[in-house]
Structures are given as structure tokens and as C-alpha cells.
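This report concerns only the one structure given below.
Please treat every number below as a calculation from the coordinates, not as lab data. Computed from a predicted model, the values in this text were never measured in an experiment. For neighbour counting, all protein chains shown are included, and Cβ atoms are generated from backbone atoms with ideal geometry for every residue, glycine included.
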Amino acid sequence: MSHPELAIIHTDLGPGTRIHSRFRPSTAPNTQLPLLVLLHGYPQNSSMYLDFVSQIPPEWDILIPDLPGYGQSTKPPSPDGSSRAHSKREWAKDIMDVVDAISEPGAASRKIIAYGHDRGGRLAYRMALDFPERVVGLAVLDIVPTSYVWNQMSIVNFNHAETLHSHHWIFLSSPSPLPETLINSNVDFYMRYTISSWLGTAQKNKSLNWVEKSIQPYTEPDGKGAARVTAACEDYRAGATIDLQNDLHDLDPFGHSTPKPFAKIPVLFLLSNSLQTRFDAYEIWESFCSPEKLRTHLIGPGGSASDTVGHFLVNEAPEEVESHTRDWLKEFWGET
């Protein structure tokens, strides 16, 4: 598939921190439309959206950053060992700084739609929570909030079934340099194993270009690949500590979050059959959103269908995800 023209933008945000982004400017400028910000997950990078972008109508400006420390972006760990630099709150500030950097000088603060898969989904909802005056739409792909995942890792929940499924949350958040050392001993194997274990049956054991583009940055020499492994571990360490505490305050799994934090904005929730079977995912997002503005869709066949769609919705079921996304954009932001 041919890709639209994407400008490469580098935004320096401080010592050691540079955000690499791809930007597709609108070919039919509409100043009333927000900026669509596409946020990737682990262990991917902005390349996961290359084909997706070509299916979004041309009047939309689209920003696709590599998350801090991922892909071609750089961000060092917190000097104090707290992992705060890779918390979703700090990442949200970083991405908003990028948005401001690409905006016209003197222009009003740009409104955005935060659209994220996996770790990018966690960043997207944190952006909506911390910048409610600027985030006018939210899309979360195949996640429930961080606090719900940790809460599900319990012997009372199907004998630790979620702990076994999400074992990488514990492994990657382990103290440095344990996971980094083990991963870097055979990084190609680890990344391929991880991606394969999350794929649906329809794409397992196939040679997939998007998989190669996901893995390549981690295998670069001269310490570059190792730095990305460290950044990913710092992301998960933040998820086990700072992000969890922030989510417990804002998205409490014990039913104390009032009023609904996303009630004022349109929310798109796309999920795989795997997430649906492990969590009361619809009910979770319904508890935080207005029913009039929440749109939910199960991607791919459910149940025991032979060609299932796994976790990587954008890459495994592109036509379905693109269609639901276009319909959502059209419904809430006019003709597209």
C-alpha cells in the first residue's frame, strides 16, 4: 500500500529528550477540526500507523509520534530511579509540547483527539484527564485502565489467570538491570516471542512487514537498541508505580470515580475477543463515559472462530478498524 506524504519532525524537549514524529498535513485545511494524534503501543513504534493514515480523509491533520524512548525518540531514565520520566503524566506533557511546537506561532492552543493502542491508549486517556481543555476526543484500543489490570492479578480472579496472561507487566517492571539484561541477551527472540504470543490465529506464523518494523529499532547496534529496551522497561516500571497511583485517584476500580471523567467527550473503544473474555471491558469504559458519546466495537470474529484477531488491532484487522474510526470521526466532527 502506498503511504501519504509524511513529514519527519524532531522536537527537542530537554537534555537527552527528542521526540521523533511523522506528520501528515491536511490537503484541505479545516481549522475547525482537531489534530488527530495517533499513539502506538509496546513493542511497536509510529510505523504501525503507516497504512492506517492513508485511510483517514485528507482534511485531517495527523501527528504520529514515537513514544518517548521508543522508535527513533529518545528519553533517558529518571536520574533518581523513580521512573517518573516515563510516567504517562510526563509523557502527556511531552506530546502536548510536540503539538504546540508544530502549531502556527501565536495560534490558540490546538485541540486534539488522542487515539492510542496499548501503551499509547494509556497515554491517550492520561492526556484526556490532564488536559481536558484540549483533548476533545479519545480513542482507546484493546485496553482497560492500568488500575484494573493490576487489580485483576489476584488469586480470587480465576486463580491468577490475568497474572499469567500479563506476566510481562511484572517482568518488565522488575528492578533494573534485570529485565534489560535478559532481553538484550537475545532481543530478536524476545520481541518476536512477545508479538507472536499476542497475535490472533489469522496472522500467526506469517512473515509480516509491520512486525519487522516493530522489532528493528531494538536490534540497532551501538547501544541504541539497548536504550530502547531500557525505555520500555521504564514505561512498565512507571505503570506499576506512578501511573497506578494516578489511575487509582482518577479511574478507581473500586467505584469511587465521580463524576465520570470522560463524560464530556466522544470516546471510541475497540477491543479484541481476548480482552473481552478477561475483563468486563464494556462496563469498565461505560462507567467513565457518557452513553451518548461512547462507541464500542469488538474487532474480528468472537468465540472460537478459526481466524481470530489478536491484540494488534490496527495491523491485524486494518479495514475494520479504519472503518469504525472513519465512522466515529464523521459522526462527531462532521462530514469526512
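Observations
- Shape of the range 167-237, Cα gyration tensor, a/c cut at 1.5: oblate
- Counting Lys and Arg as +1 and Asp and Glu as -1 over every other residue whose Cβ lies under 12 Å from the Cβ of Ala92, the net charge comes to +1.
- Only one residue of Tyr70, Tyr49, Leu39 has its Cα farthest out toward the positive end of the dipole of the range 31-92, where Lys and Arg carry +1 and Asp and Glu -1 on Cβ, and that residue is Tyr70.
- Cβ-based net charge around Ser46, under 11 Å, with every Lys or Arg adding one and every Asp or Glu removing one: +1
- Most mobile listed residue (Pro132, Pro76, Pro177) in the chain, GNM with C-alpha springs under 10 Å: Pro177
- Near the amide H of Leu39, within less than 5 Å, lie the amide hydrogens of Tyr115, Gly116, His117, all on another chain or at least 5 residues away, with H placed in the peptide plane.
- Vicinal HN-Hα couplings computed from phi for the range 262-278 (Karplus, 6.51 cos²θ - 1.76 cosθ + 1.60; Hz; Gly/Pro x): 10, 5, 8, 10, x, 10, 10, 10, 10, 9, 8, 4, 4, 5, 4, 7, 9
- Taking the chain and dividing mean pair separation by its residue count, relative contact order in percent (alpha carbons under 8 Å, at least six apart): 18
- Less than 5 angstrom separates the built amide H of Leu294 from those of Val267, all sequence-distant by 5 or more or on a different chain.
- Gain on full stretching of the segment that runs from Ala7 to Glu283 - 0.36 nm per residue minus C-alpha separation: 95.4 nm
- Residues with amide H under 5 Å from that of Gly200, placed H, sequence gap 5 or more: Gly310, His311, Phe312
- Three-way shape label, the chain, alpha-carbon gyration tensor, a/c 1.5: rounded
- Gained length - Ile170 relative to Lys206, 0.36 nm times residue gap less alpha-carbon distance: 10.1 nm
- Here the dipole of the chain is about 240 debye; that uses its Cα centre as origin and unit charges on the Cβ of Lys and Arg (positive) and Asp and Glu (negative).
- Under the Karplus curve 6.51 cos²θ - 1.76 cosθ + 1.60, θ = phi - 60°, whole-Hz ³J(HN,Hα) for the range 202-210, x wherever Gly or Pro sits: 5, 10, 4, 6, 9, 7, 10, 4, 5
- The range 225-284: trypsin sites (Lys or Arg not before Pro) falling in loop per DSSP and having at most 16 other Cβ within 10 Å: Lys264
- With the simple spin-label model, which puts each label point 7 Å out from Cα in the Cβ direction, the Ala28 to Thr194 separation comes to 4.0 nm.
- 3J(HN,Hα) along the range 130-142, derived from phi through the Karplus expression 6.51 cos²θ - 1.76 cosθ + 1.60 where θ = phi - 60°, amounts to 8, 10, x, 6, 10, 8, 9, x, 9, 10, 10, 10, 6 Hz, with x in place of Gly and Pro.
- With each label modelled as a point 7 angstrom along the Cα→C-beta vector, the Ser109-Ser82 pair spans 2.3 nm.
- Among the listed pairs Lys88/Lys330; Lys93/Lys224; Lys264/Lys293; Lys75/Lys224, a Cα-Cα separation exceeding 19 Å is found for Lys88/Lys330; Lys93/Lys224.
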